[in-house]
Amino acid sequence: MIDGCWCCLMPECQRLIDNKNLKVYTDISDFKDVKNPVLTTGTFDGVHFGHQKIIDRLKSVAAKKNGESVLLTFHPHPRMVLFPNDEGLKLLSTREEKIKQLEDAGLDHLIIYPFSRKFSRLSATEYVRDLLVNEIGVHTLVIGYDHQFGRNREGNFEHLKELADIYDFQLEEISAQELDDVKISSTKIRNALFKGDVKRAAKYLGNYYKVSGIVVKGRQLGRNIGFPTANISVLDRYKLIPGNGVYAVKVKVNKMQYQGMLNIGFRPTVGGLFKPTMEVNIFDFNDDIYGNFIGVEFVKRLRDEVKFDSVDELKSQLVLDKIQALNAF
């Protein structure tokens, strides 16, 4: 298990995962008998609109080449391996979420290749020859003009042109404009979420931003004022959590979807905390769900987290928050 990555314990992380229309491989030896693999590579974190444009391009090329679309990505994220003490890395998708997003995007095959320090030391030629050609059997590589790869990022698009001739595969270039869409969208999504602007993030993602985790016991103070909350423990420490504040959210628990409002912050009115928590009040819901997985979709930010002068004042504000949340839906 990768530290902080609960999905490695899930059935989705078996060597060969059949997600209906998407085949997922965590062992490269299982990738075989694929017709004319049309390949691209990248992290594709969040699988946002920019990524979806590239996948559409990949599928279009695959159709022309009578082939199948393939994405090569890496796990753990390279920064986790090369800079293990870097706490600044925050990702839009867990591995399980990315698999589902790529399936929804219509990808045929996803290779999740294990990234290690040894792998990072492969030269550009070794990377192309040993992995892309010998292991994957690439027919066509769809890649950006500014793509860099191999040890110390020594390989570039001109290098790929030479290797394509040597190892007999075709090369399709992703335009600068397409790549700019990806870069701009990734930056905007992360910045928006850090600021709590979940509406803007949803615009670039193409759907509401999602966070999931396990319901854990808290101090149960919300129950005493008529707004019981489920405290969510997010097990993947690299998952990006939106900025502190109160949000209208959709909640999925036990395969059912509900509406609710969620607070991220330190709960300053009722004693305060040393680190922020995420707790959700699920409307019209009273089941005991401690220990259950729960998912939330961020619909709208309602307000900042505020320290009120009294619990009664907090309760009055929560009544107004619920009205605002219901209006948001």
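The values are calculated or read from the model by the stated rules, or taken from the named source; none is laboratory data. It should be emphasised that the depicted structure is a prediction, and the values quoted were computed from it without experimental measurement. Here the Cβ positions follow ideal geometry from the backbone for every residue, glycine too, while neighbour counts run over all protein chains shown.
Is it true that some residue in the range 56-70 is within 28 Å of S116 (Cβ to Cβ) and touching a Lys or Arg at 6+ places or on another chain (Cβ under 8 Å)?
For the range 56-70, residues within 28 Å of S116 (Cβ to Cβ) and touching a Lys or Arg at 6+ places or on another chain (Cβ under 8 Å): present.
Mind checking which helices (runs of 4 or more DSSP H) fall wholly inside the range 138-223 and carry at least 1 residues that are under 30 Å from D33 (Cα atoms) and not assigned by TED's automatic domain parsing to the domain that holds V253?
Correct list: 157-167.
Would you confirm whether any residue within the range 54-77 is under 21 Å from the mean Cα position of the chain (by Cα), in a loop (DSSP other than H, G, I, E, B), more than 15 Å from H109 (Cα to Cα) and in contact (Cβ under 8 Å) with a residue 60 or more places away in the chain?
Yes, that holds for at least one residue.
Using beta carbons and a limit of 9 Å, which pairs, at least six apart or on different chains, have the first residue in the range 216-229 and within 13 Å of I289 (Cβ to Cβ) and the second one modelled with pLDDT under 70 and not in a loop (DSSP other than H, G, I, E, B)?
Close Cβ pairs satisfying both conditions: P228/G222; T229/L221; T229/G222; T229/R223.
Each row is one residue, and each column tells you yes or no for (1) of a type outside the set (A, V, I, L, M); (2) at positive phi; (3) part of a strand (DSSP E or B); (4) within 28 Å of the chain's Cα centre (by Cα).
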position: E279; (1), (2), (3), (4): yes, no, yes, yes
position: E305; (1), (2), (3), (4): yes, no, no, yes
position: S316; (1), (2), (3), (4): yes, no, no, no
position: A325; (1), (2), (3), (4): no, no, no, yes
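Would the range 102-117 turn up any residue that is in a loop (DSSP other than H, G, I, E, B), more than 25 Å from D181 (Cα to Cα), modelled with pLDDT under 95 and within 20 Å of the chain's Cα centre (by Cα)?
Yes, there is a match, as at least one residue in the range 102-117 is in a loop (DSSP other than H, G, I, E, B), more than 25 Å from D181 (Cα to Cα), modelled with pLDDT under 95 and within 20 Å of the chain's Cα centre (by Cα).
Scan the range 236-278 residue by residue and report those that are of a type in the set (D, E, K, R), modelled with pLDDT under 90 and within 28 Å of H77 (Cβ to Cβ).
R237, K275
Every residue in the range 160-210 that is of a type in the set (D, E, K, R) and either under 20 Å from V246 (Cα atoms) or touching a residue at least 60 places away in the same chain (Cβ under 8 Å) (or both), please.
Across the range 160-210, the qualifying residues are E172, E178, D181, K183, R190, K195, D197, K199, R200, K203, K210.
Can you name the condition, by its number, that V81 falls short on among (1) of a type in the set (A, V, I, L, M); (2) within 28 Å of V34 (Cβ to Cβ); (3) surrounded by fewer than 19 Cβ atoms within 10 Å (Cβ to Cβ); (4) under 13 Å from the mean Cα position of the chain (by Cα)?
Against the list (1) of a type in the set (A, V, I, L, M); (2) within 28 Å of V34 (Cβ to Cβ); (3) surrounded by fewer than 19 Cβ atoms within 10 Å (Cβ to Cβ); (4) under 13 Å from the mean Cα position of the chain (by Cα), V81 comes up short only on (4).
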